[in-house]
Every structure is written in C-alpha cells, then in structure tokens.
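One structure is given below, encoded as structure tokens.
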Amino acid sequence: MFALVGAAEAASTLDLLRLAPPGWGAGLLWGLWNSVMISLGAFGLGLVLGTGGAFGKLYGGPVLRDLLAVYTTVVRAVPELVLILILYYAVTDAVNQILLSFGYARIQISGLAAGIAVLGVVQGAYATEVLRGAIQAVPAGQIEAARAMGMSPGLLARRVTLPLMLSNALPGLGNLWLIATKDTALLAVVGFAELTQATRQAAGATKAYFTFFMAAGLLYLILSIGSGWLFAMAERRARRGQPEVRG
Amino acid sequence: MMLFTRAFWQPHRIIMALIVLGIVIWSAATLRWDWLPKYLPQAVQGIWRTIWLMLASLVLGMMLAIPLGLAQAVGPWFLAWPARAFCTVIRGTPLLLQLWLLYYGLGSLFPQIPWIRQSDLWPILRQAWPYGLLALTLSFAGYEGEVMRGAFKSVPKGQLEAAKAMGMPRFTMLRRIWLPQAVHRVLPTLGGETVLQLKATPLVATITVVDIYAVASRVRQDTFLTYEPLLLLAVVYMAITGLIVLLFRWFEARLPSRVA
C-alpha cells in the first residue's frame, strides 16, 4: 500500500529531478560537488593533523602527549554538531580579532573554508588514533635497522615508517573518509549549501520529499560504494608482496 | 583508579590541571551564567530525553541487529540479500538524510491516509519523537548488524557441532551457545558504539524534538549568547560519555574475559 502510493508519487515527481531549471537536478549535483570538496579538504587536513598527532603521541615529550590525549578525547566525546558550532564561531571570532588588531576590516569566512577547517579538526582526532595504531604495528626491527643505518627521523618516516604503515592504516582511513562524506551533511544544520541542505530546499519547495531524499541518498550511496571500492584497490596495492592475512 | 595514584600526578600534569582550573574559574567569573537558573528545569528534562532516546534506540536497534547479523551470516539468499542491502544503505547515507526522509516524507504521507488519521496511534504519530527514535534505531541496527554478522561468524564451528551432536534443537542452540558467545565478542566494541549513538542524538533537534541540544539552541536564541550554552552543552556530553565509559569498564570487569 505505502509502496504503491510512494511509487505513484515518485513517478509523477521524477520530472523534478531534471537538470534544466524547472527541475532541481543541477542544484543537487552542485550540492554533491560541494560535499565532495569539503570531504576532500577535511580528509586531507585530518590526515596532516593525524600524522602529526600520531608521531607526537608516539615519540613526543610528556606534555605534548598529554595535550594530544586531551585533544583526541574531547573531540571524540562531544557530538560533531556541537563541535561544528563551537569551532565555527570560535574560528570566525579569532580570525576577526586578529584582523582587527592589525587594523584590517572584519571579514565573513566562507562556508567552504569554515566547513573544511571544522571537519578537519574533528577528522584529525580520529586519524591520530588510526595512524598511531598503524605505526605501532610496523615491526620494530625495521625502524631499528633504519636508525642503525644512520637515517635522520624525517628520512626514516618517509622511507620506512609511512610506507610500511600504509597497508595497516588504509582500512581505518577508508572508514574515516566515509565518515567525512557523511559528516558534511551536518553542515546543513548551519545552513551551508551542501547536498543535504540543497535536497531539503528542493524538497521543501516542491513537497516531493520522498523523491528528493531518495535521490540524494542514492548519490551518497554511489559516493560511498565507489570510494569503498577505490580504498579496497589501494589497500590491495599497498599490501602487494605481503603475506595474506586471512586464510 | 589511575587518577588517584602518585604516578599520575607528575609535575607537568599538576601545572596542566592548574591551568584547566584557571580556565574554569575565569569562565565562571567573566562569562554570563545568569540565565542558568531559569533554564535549569528545561535542561534537566532535555538531558533526560537525550539519555532516554539513546537507551531506547540502543535496545531496539540491538534487537533488530541480531536477526540482521544472523541473516547475513548463515541465512538463505532471500534473507541475506535484503539484510546486506539494508546495512549498506544505512551505512552509506548520512543519518541526517535518513531522519529528514522519515520525518518529512512519512510525516507528509501519513495525514493523507484516512485510516491512519483515525487510528489510536495518530496522536503519537503526529509528534516528532517517534520519527527520531525510528531513525536512530534503524541507524544503530544497520551498523550493529554488520558487527553482529562478524560476531556470529567468529564463533568456533566446534561449539555448534558439539551442540548439534548433543541433539539440541536449533533454537536452543542459538539461545544457549551461539548468541551468548557472539554477544560476548561484541561487548568490547559496544561501549564505543554507545558513545557514537549518544553523539548522534542531537540530530533529532532538527526535527523539533526538545533534547538537551535543542534547549541550548533555545537559550542561544533567547539570550543572544554564543559560547556559554555551547560550552555547557559540550561539558554535558563529555560527562555522559565519561559515565558510559566507566559503566562499560565496570561491566567488562565483571564478565569472564576468557572464552573456551
């Protein structure tokens, strides 16, 4: 019964998904593009923060280690929605305070930059834990051998630790990427025009809720299944030459 | 507790604790907290609603996750395929989208159907929280169903064969051997999943359910304060998370960790 009603409704409203202006398809695709851009930026920023955090947690001094522990604990204990609001206002305020103190005018920070910065800080906390575990799984003998060869810490990280830990880290990083793509939806709450927000606007204007939310769901699904496939391929490539883990 | 040992209180940690204390005193003294007494009853009710939503969706979601995991692990294809599709769709789309699909979609569909409007359930279906609870439950079931699939598969075959050799009926086998061992394997990850579920609850504020997040938003609208309600909100969530972590630690310590 519901399925029938839903299907009938969907058939009559499918025209609304057309790309040309009477349809809202172009808006959805633009939202998807924004979502992907924010995810990529946040994931990249998270990787940078996470690599620094992981090395800091493993090889840093006691103060640095404790500070990083506070960072990862707090970020993982507070909902992303709350963090996004706090960081958004805090970052905007801080930038404007600095600008004002140097005699410049206030600026409005773009939603894209703010979204990337905020989600990147959140991703960084999770990436720290993933990469720390992956680095710890690198055989100690390999690192000791590199040290015995007189490699500097930077060279050691670049030639030995990072390539070896990649195969351990990729499954966790794949999960993080999926979380990044889905967390961009939270930016809809602060009114940024990514896919979920664009969908709600289109659905609200046309009252065709099922059509638009299902279409957006399909786009997200294609994104996540496609990138899952890419990560599986990358992992296979990173593991080449290593013995099979599963029997 | 590690917190009360001498090894924990190294000099740099004492300094850090003092800095944190200083920040707390500074924010108590200079930020505005005069709105707090007025909104306290609402806040308590909001916290209660958050916890209630989390617990209800955990229990209902787990009850759905067990058949989902079982169907994927050993079910025939006509059960395994839909279960796998369900888990993929739930895990592949944002919870916010699912929530809005259910609330706006079903919410606009139901009033058009006469027998639903006339049924006794209508006063409940007109409110927002059933849709929030449904979305949270389905989401948890999707994630946990995947975990349960792995757990069911990881129970050693010998255990099940032994039960079969004893002539146990299939359902007794599930109840006495398969399910307890699978749940035992899931327990260490369940604490983390519970925290994730807590962090998902503020999304229901976007469909007008008044949880603690919605109360904080209302304070922000009424008083034009930016940081104070948000900071309090963060502290509340951290406190609940700490409570969950302690509870699971206590719970795990009471369970035997060695499985045959």
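Here, each number is a calculation from the coordinates, and none is a lab measurement. Source: prediction; values computed, not measured. Glycine also receives a Cβ, built like all others from the backbone with ideal geometry; neighbour counts cover every protein chain displayed.
Under 17 Å from a point 7 Å along the Cα-to-Cβ line of A:Leu221: which residues of the range A:171-202 have their amide N that close? Within reach of a label on A:Leu221: A:182, A:196. Between the Cα long axis of helix A:2-13 and the first principal axis of chain A there is an angle of about 80°, rounded to the nearest 10.
In chain B, the sites counted are trypsin sites (Lys or Arg not before Pro) in DSSP loop states with at most 10 other Cβ atoms within 10 Å, and the longest stretch holding none of them, exclusive of the sites, is B:33-257. The listed peptides B:66-72, A:158-164, ordered by packing as a protection proxy, come out as B:66-72, A:158-164 (highest mean of other Cβ atoms within 10 Å first).
When the expected Rg is taken as 2.2 N^0.38 Å, what fraction or multiple of it is the alpha-carbon Rg of the range B:53-202? With N residues counted in the range B:53-202, Rg over 2.2 N^0.38 Å equals 1.22.
Note: relative contact order over the range A:30-238, using C-alpha pairs below 8 Å and six or more positions apart, is 31 percent.
Whole-percent P(r), chain A, all Cα pairs, 5 Å bins from 0: 1, 6, 11, 13, 14, 13, 12, 10, 8, 6, 4, 2, 1, 0, 0. One decimal place: the segment A:Ser101-A:Leu58 gains 11.7 nm when fully extended, by the rule 0.36 nm per residue minus the C-alpha distance. Averaged over peptide B:8-17, the number of partner chain Cβ atoms lying within 10 Å of each residue's Cβ comes to 2. The alpha carbons of the range A:114-247 stretch over 68, 37, 17 Å along the principal axes, in descending order.
Return the average number of partner chain Cβ atoms within 10 angstrom of each residue Cβ along peptide A:217-226. List each step's numbers first, then the result.
Values: counts 7, 3, 2, 5, 5, 1, 2, 6, 2, 0.
Across the residues of A:217-226, the mean count of other-chain Cβ atoms within 10 Å is 3.
If R₀ is 22 angstrom, what is the calculated FRET efficiency for the pair B:Leu243 and B:Ala17, using the beta carbon separation as r and rounding to 0.05? Here the calculated transfer efficiency is 0.55.
Here the spin labels are modelled as points 7 Å beyond Cα on the Cα-Cβ line, and at B:Phe78 and A:Met37 they lie 4.9 nm apart. Work out the FRET efficiency for B:Asp120 and A:Val190 from their Cβ-Cβ distance, taking R0 = 45 Å, and round it to the nearest 0.05. The calculated FRET efficiency here is 0.70. Could you tell me how many degrees, from 0 to 90 and to the nearest 10, lie between the Cα long axis of helix B:179-200 and the main elongation axis, the longest principal axis, of the Cα atoms of chain B? Taking Cα atoms only, the helix is inclined about 30 degrees.
The label point for A:Thr206 and the one for B:Gln112, both projected 7 Å from the Cα toward the Cβ, are 1.4 nm apart.
Relative to the longest principal axis of the C-alpha atoms of chain A, give the angle of the C-alpha long axis of helix A:80-101, reported between 0 and 90° and rounded to the nearest 10°. Value to nearest ten degrees: 80.
Normalised by the number of residues in chain B, the mean separation of alpha-carbon contacts (under 8 Å, six or more apart) gives a relative contact order of 26 percent. Karplus-based coupling profile of the range B:93-103, in residue order and whole Hz: 10, x, 4, 4, 5, 4, 4, 5, 4, 5, 6, with θ = phi - 60° in 6.51 cos²θ - 1.76 cosθ + 1.60 and x standing for Gly or Pro. At a temperature of 37 °C and a viscosity of 0.692 mPa s, determine how fast the protein assembly as shown diffuses translationally according to Stokes-Einstein, using the Kirkwood radius over alpha-carbon pairs as Rh; express D in µm²/s, rounded to the nearest whole number. Roughly 128 µm²/s, to the nearest whole number.
Can you show me the helix-derived [θ] at 222 nm for the protein assembly as shown, built from DSSP H runs with n ≥ 4 at -39,500 (n - 2.57) apiece and divided by the number of residues, rounded to the nearest 500. Walk me through the numbers on the way to the answer.
On the way: 22 runs with 379 residues, N = 507.
Using -39500 (n - 2.57) per qualifying helix, the result is -25000 deg cm²/dmol.
Between B:Ala28 and B:Val183, the distance separating the two model label sites (each 7 Å from Cα on the Cα→Cβ line) works out to 4.3 nm. Inter-chain neighbour count for B:102-113: the average number of beta-carbon atoms from partner chains within 10 Å of each residue's beta-carbon is 4.
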